[in-house]
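These notes concern the structure reproduced below.
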Amino acid sequence: MSVISEENVRGENLFKDISADDEDWQPTEIESMCMNCHLNGMTRLLMTKIPFFKEIIVSSFSCDNCSWSNTEIQSAGRIQDQGVCYTLKVRTKRDLNREVVKADSATTRIPELDFEIPPFTQKGALSTIEGLLDRAAAGLEQEQPIRRETDPEVAEKIDGFIRKLRELKEVEEEFTLVIEDPSGNSFVENPTAPQKDEALTVSHFKRTAQHDMQLGLRADDDLEDEAPAGNDIDAMRDEVLAFNTNCPECNAPASTNMKLIQIPHFKEVIIMATNCDSCGHRTNEVKSGGATEQMGTKITLHITDISDMTRDVLKSETCNIAIPELEFELGMGAVSGKFTTLEGLLTDIKDLVVSKNPFICGDSGVTDRVEKLNAFGEKLDKIMAGEMDVHIVLDDPTGNSYMQNVYAPDRDPEITTEKYTRTFEQNEDLGLNDMKTEGYQEDI
């Protein structure tokens, strides 16, 4: 067993560049217990430097008794002052050979597949882009035999996703790899270093308190003694904010609760709910947590089954709703912003147009109008029962509405999404006169 001693290392650096020419430089071997069979195996430690990066420790364990093996890497330096995010556009097979250091605290994403490996779910690794793809596929395959017995449908979907991961290695189309590490100790090789890599973007960010707790830099209860700052969005994400208001029905004092929620595959929204103890009135409203998008969005859902009624829907206050088969359109502002299900949205439309319409109640109702609106309400009931083949259109010029894709990460065959440029008139309606968008010119 090789031993690191002061005599062995005095006057030279422990960490050397990886090289096959230095025969005297050997890994440190330590006899240690195998976590699989609990007999003794061998751990090998190699301290090395990655060019244009930093020192790391590569450890490899193997057991001759049960043949179990394991490899991982650890940073030999301290946790960095800032986190780091690498965004790589993989365009050729040559990019698959880039070296990657992925710390266990890193999150790995492939946006084109809506695929994410959360932090601390894998050990740190020194690998390549191709190796990361293989490791991700192997991780998904691990429980497949059990899934095929217990849930064949889920297993089949995962098989399809694994095929997509492996097809990425052919690089028939460009894809994006994102590695985000709050410790700052992950790395993606720049083969043209020290020149700029056009395919690789590196950005740094300030860690949040939650990141510090994950990395063991902060006690879990540290946040309890801190009052969130007025503009601290990270603090707001973890709690429900409450403020006093008046009930819109009886004007009695009431309380409104507000919380930031992240909608998967979309964006952050603000949910506001008011409950009145005096009259029992309840309201909820949703507002986008982000800025107005540069382009509007038109989402069309073809309702083919009653299960579509359970889809999550985010309708912003600027969204228009249409059901072409019923020749029905509802302009922006008629129904407030909501995060609900499709059934809930249709119920709100029915309440607004039929059930709570003041113009068809009592003596104010005209017979023909009442009959038409009641017939419309019956058609909405049939839609909610899955008995009518119709389309629901959400047309939002701000781009802040959303319809759940139940096939994610695959494309939803029943949803069509179109992006379009707002007209000058739409920008006026939205109060965006100063926002210049492509597609129109203002003549003065």
- [ ] May I ask you to list the residues in region 146-198 that are aliphatic (A, V, I, L, M), farther than 18 Å from residue 115 by Cβ and free of Cβ contacts under 8 Å to residues at least 24 places away in the same chain?
- [x] 146
TODO: With the condition kept exactly as written, say whether any residue in region 103-116 is under 20 Å from residue 181 (Cβ atoms), of a type in the set (Lys, Arg) and buried (at least 16 other Cβ atoms within 10 Å of the Cβ).
DONE: yes
Task: Per-region count, region 387-405, residues over 31 Å from the mean Cα position of the chain (by Cα) and not hydrophobic (A, V, I, L, M, F, W, C) - done: 2
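Yes/no per residue for (1) in contact with a Lys or Arg (Cβ under 8 Å, 6 or more places away or on another chain); (2) modelled with pLDDT of 70 or more; (3) exposed (fewer than 15 other Cβ atoms within 10 Å of the Cβ):
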site	(1), (2), (3)
161	no, yes, no
165	no, yes, no
168	no, yes, no
172	no, yes, yes
180	yes, yes, no
193	no, no, yes
206	no, yes, yes
210	no, yes, no
224	no, no, yes
Task: Within region 198-212, tally of residues that are over 19 Å from residue 175 (Cα atoms) and either in a helix (DSSP H, G or I) or more than 20 Å from the chain's Cα centre (by Cα) (or both) - done: 4
Open item on the list: Anything in region 45-82 that is of a type in the set (S, T, N, Q) and at pLDDT 65 or above? List them, or say none.
Closed with: 48, 59, 60, 62, 65, 67, 69, 70, 71, 74, 80, 82
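The values are calculated or read from the model by the stated rules, or taken from the named source; none is laboratory data. From a predicted model like this one, the values you see are computed outputs, not experimental measurements. With ideal geometry, Cβ positions are generated from the backbone for all residues, glycine too; neighbour counts draw on all protein chains shown.
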